[in-house]
Amino acid sequence: MKINQVVKQTGVPKETIHFYIREGLLRKPRKSGVNAANYNEHFVEQVLLIKNIRANYHLPIPEIKKIIKKYNRQSSAEKACLKYYSKFYRPLDRLLTTEVVGKDAFIEATGLGKKWMEKAEEWGIFTPTMNEDGQRTYCSDDVTIGKLMVDMDHQNFGPSDGGDPEDLRIISDFIRKYIMNSFKKFYKNNLEKLSVEDFDQQASVFHEIISLFFYHLYRKTTREAIRIYKNPETKNPKK
């Protein structure tokens, strides 16, 4: 493809792309003539990655170079995970209010069917509140979880592929029970020691730390499971 097609697909100006090439963030494309070059899909992917890093993390060029170099050494599976991570965990999104009001608006925002939306509410996965007009209001986390449920089905982890939606209820129940118990202990031990402002700040940080712990523990365990089931002869070191 030509440079104009890269610009169209990425939304990155031609001058910026040439800057990335000069700085060594992108490899020089294959020349097709004296003043012409051909670009492939991998090049587009690299441009989008750099665009995402600069938009969300504002890192200097040398640091972006390190990330690109490491990214190029990753397997296709790891690259796919990074795309999902970038899609659902962008720092700037945390500054935006993305509440959705009403069931129909929630279905439109997530792509989730009415049956599974209502089932997830029944299981306590979605916990909408009522606004002053008596309408259900779904928080940004509900919206993200709904989108992820749709992606599970698209990635062949849905009921028709052997996935059991009931597992989501089991996971939700376990996490809710753990969090309620841990926060009960936290409140009991710290409520009288700290000011309201300090308590709120520490509680929020604690919440984020535990959230990241669950994320990375699940991610690590998933990799172990993939290794074991891809190679049945591999022994689990814990057994």
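Within region 27-36, can one find any residue that is surrounded by 11 or more Cβ atoms within 10 Å (Cβ to Cβ) and hydrophobic (A, V, I, L, M, F, W, C)?
The answer is no, given that none of the residues of region 27-36 is surrounded by 11 or more Cβ atoms within 10 Å (Cβ to Cβ) and hydrophobic (A, V, I, L, M, F, W, C).
Restricting the search to region 148-181, which residues are in a helix (DSSP H, G or I), among the acidic types (Asp, Glu) and farther than 17 Å from residue 111 by Cβ?
Taking region 148-181 as the starting set, the residues that turn out to be in a helix (DSSP H, G or I) are 148-154, 159-161, 166-181.
Applying the additional criterion that residues be among the acidic types (Asp, Glu) yields 151, 153, 161, 166-167, 173.
Once the filter is applied, which keeps residues that are in a helix (DSSP H, G or I), among the acidic types (Asp, Glu) and farther than 17 Å from residue 111 by Cβ, region 148-181 yields 161, 166, 167, 173.
For residues that are out of contact with any helix residue (DSSP H, G or I) (no Cβ under 7 Å at 6 or more places or on another chain) and not hydroxyl-bearing (Ser, Thr, Tyr), scanning just region 138-147, find the one that is modelled with the lowest pLDDT. Spell out the reasoning first.
Within region 138-147, the subset out of contact with any helix residue (DSSP H, G or I) (no Cβ under 7 Å at 6 or more places or on another chain) is 139-142, 145.
From the residues that got through so far, the ones that are not hydroxyl-bearing (Ser, Thr, Tyr) too are 139, 141-142, 145.
Numbers: 139: 89, 141: 85, 142: 90, 145: 88.
In this case the residue turns out to be 141.
Taking residue 135 as the residue in question, decide whether it is surrounded by 11 or more Cβ atoms within 10 Å (Cβ to Cβ), within 16 Å of residue 100 (Cβ to Cβ) and out of contact with any helix residue (DSSP H, G or I) (no Cβ under 6 Å at 6 or more places or on another chain). Explain how you work it out, then say what you get.
Working: surrounded by 11 or more Cβ atoms within 10 Å (Cβ to Cβ): yes; within 16 Å of residue 100 (Cβ to Cβ): yes; out of contact with any helix residue (DSSP H, G or I) (no Cβ under 6 Å at 6 or more places or on another chain): yes.
Considered against the rule, which asks whether it is surrounded by 11 or more Cβ atoms within 10 Å (Cβ to Cβ), within 16 Å of residue 100 (Cβ to Cβ) and out of contact with any helix residue (DSSP H, G or I) (no Cβ under 6 Å at 6 or more places or on another chain), residue 135 comes out as yes.
Quick one: which helices (runs of 4 or more DSSP H) lie wholly within region 16-100 and hold at least 1 residues that are at pLDDT 75 or above and closer than 30 Å to residue 146 by Cα?
Helices (runs of 4 or more DSSP H) meeting the threshold: 41-57, 61-73.
Scan region 149-165 for residues that are at pLDDT 85 or above and surrounded by fewer than 17 Cβ atoms within 10 Å (Cβ to Cβ) and jot them down.
Just the residues of region 149-165 that are at pLDDT 85 or above, to begin with: 149-150.
Result: 150, single match.
Taking the stated definitions as given, is residue 220 outside any helix (DSSP H, G or I) and either at pLDDT below 80 or within 21 Å of residue 149 (Cα to Cα) (or both)? Reasoning before the result, please.
Values: outside any helix (DSSP H, G or I): no; either at pLDDT below 80 or within 21 Å of residue 149 (Cα to Cα) (or both): yes.
When the stated conditions are applied, residue 220 does not pass them.
Any residue in region 124-131 that is modelled with pLDDT of 85 or more and in a strand (DSSP E or B)?
Filtering region 124-131 down to residues modelled with pLDDT of 85 or more leaves 124-131.
Imposing the further condition that a residue be in a strand (DSSP E or B) reduces the set to 129-130.
Yes, region 124-131 has at least one match.
Can you name the number of the only condition in (1) in the same structural domain as residue 109 (by TED's automatic domain parsing); (2) within 24 Å of the chain's Cα centre (by Cα); (3) at pLDDT 75 or above; (4) of a type outside the set (A, V, I, L, M) that residue 188 fails?
(2)
The values are calculated or read from the model by the stated rules, or taken from the named source; none is laboratory data. Computed from a predicted structure; not experimentally measured. Glycine also receives a Cβ, built like all others from the backbone with ideal geometry; neighbour counts cover every protein chain displayed.
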